[in-house]
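Data first, discussion second: the structure below is written as structure tokens.
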Amino acid sequence: MVEQEYRIDKVLFSRGEIAERISDLAGRIAADMRGRELLVVGILNGAVFFLTDLVRRMPEDLDVRVDFMSVSSYENATKSSGVVRILRDIGSSIEDRHVLIVEDIIDTGYTLSYLLELLHARKPASLKTCVLLDKSARREVAVHVDYCGFSMPDAFVVGYGLDYAGRWRHLPDIHSVSAVGS
Ligand code: IMP
């Protein structure tokens, strides 16, 4: 079978819009977390770009710690299998800590719903979610998102950490992709 080829298309969210929205989110999170220690858990690989910009916009006197988890994602395909597997876990206990999961995009909701269930069982003091992009029209399982960057239509996007089969993560803006020949 010949694999469909894709090309990057128009910019959906520019670097300027992303930066502005992230400043707002960082301000809201910092206000909600004032006086507490916040453990920000980024979901590798896609959320790295978003997380690093987000935490650098938080006030310097906020007690912020950073860790990462890695879960299996779509394998060279634009559709989710609904199957989530932990490839790398958080390095320390989260019991009685204030945890914020940072994810690049929520699509069907399987990834975040699984992570919420898994981390909730470890008895954190609080557990919140922050996503840069929300494709709510595609949701298959209900997930509460506490902090959301942008709602977006049902399109596959790349750039600013998001990839298609490993490509285009490094683009500074977020683009839609389209099939070559369409
Ligand atoms: P969910 O489990 O279906 O909500 O999917 C979440 C994961 O799917 C994200 O962490 C991304 O890795 C991947 N994903 C979903 N939509 C896109 C997209 O448009 N571009 C790149 N990755 C995506």
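The values are calculated or read from the model by the stated rules, or taken from the named source; none is laboratory data. None of these values were measured; they are calculated from a predicted model. Positions of Cβ are backbone-derived with ideal geometry, glycine not excepted, and every protein chain shown enters the neighbour counts. SASA here: full protein model, heavy atoms, side chains in, ligands and nucleic acids out. Shrake-Rupley method; radii C 1.70, N 1.55, O 1.52, S 1.80 Å.
Out of everything in region 133-148 that is in a loop (DSSP other than H, G, I, E, B) and more than 10 Å from the ligand (Cβ to nearest atom), what residue ends up being most open to solvent (accessible area, probe 1.4 Å)?
HIS144
Out of all the residues in region 41-93, which are within 16 Å of the ligand (Cβ to nearest atom), β-branched (Val, Ile, Thr) and at pLDDT 95 or above?
VAL41, ILE43, VAL48
Looking at (1) open to solvent by 60 Å² or more (accessible area, probe 1.4 Å); (2) within 12 Å of the ligand (Cβ to nearest atom), which one does HIS170 not meet, given that it meets all the others?
The failed condition is (2).
What is the number of the single condition among (1) surrounded by fewer than 20 Cβ atoms within 10 Å (Cβ to Cβ); (2) touching a His at 6+ places or on another chain (Cβ under 6 Å) that GLY159 does not meet?
Among (1) surrounded by fewer than 20 Cβ atoms within 10 Å (Cβ to Cβ); (2) touching a His at 6+ places or on another chain (Cβ under 6 Å), the lone unmet condition for GLY159 is (1).
Considering only region 5-72, give the strands (runs of 3 or more DSSP E) lying wholly within it that have at least 3 residues that are farther than 16 Å from GLY159 by Cα and free of Cβ contacts under 8 Å to residues at least 60 places away in the same chain.
Strands (runs of 3 or more DSSP E) meeting the threshold: 63-71.
Given the structure, is CYS130 more than 10 Å from the ligand (Cβ to nearest atom), under 12 Å from the mean Cα position of the chain (by Cα) and surrounded by fewer than 19 Cβ atoms within 10 Å (Cβ to Cβ)?
no
Taking only region 149-182 into account, find how many residues are touching a residue at least 24 places away in the same chain (Cβ under 8 Å) and in a strand (DSSP E or B).
Summing the residues that are touching a residue at least 24 places away in the same chain (Cβ under 8 Å) and in a strand (DSSP E or B) in region 149-182 gives 13.
Just checking, how many residues over region 106-127 are at positive phi and either touching a Ser or Thr at 6+ places or on another chain (Cβ under 7 Å) or within 13 Å of the ligand (Cβ to nearest atom) (or both)?
Residues flagged as at positive phi and either touching a Ser or Thr at 6+ places or on another chain (Cβ under 7 Å) or within 13 Å of the ligand (Cβ to nearest atom) (or both) within region 106-127 amount to 1.
For region 94-132, which positions are within 21 Å of MET58 (Cβ to Cβ), among the hydrophobic types (A, V, I, L, M, F, W, C) and touching a helix residue (DSSP H, G or I) at 6+ places or on another chain (Cβ under 9 Å)?
ILE94, VAL99, LEU100, ILE101, VAL102, LEU127, CYS130, VAL131, LEU132
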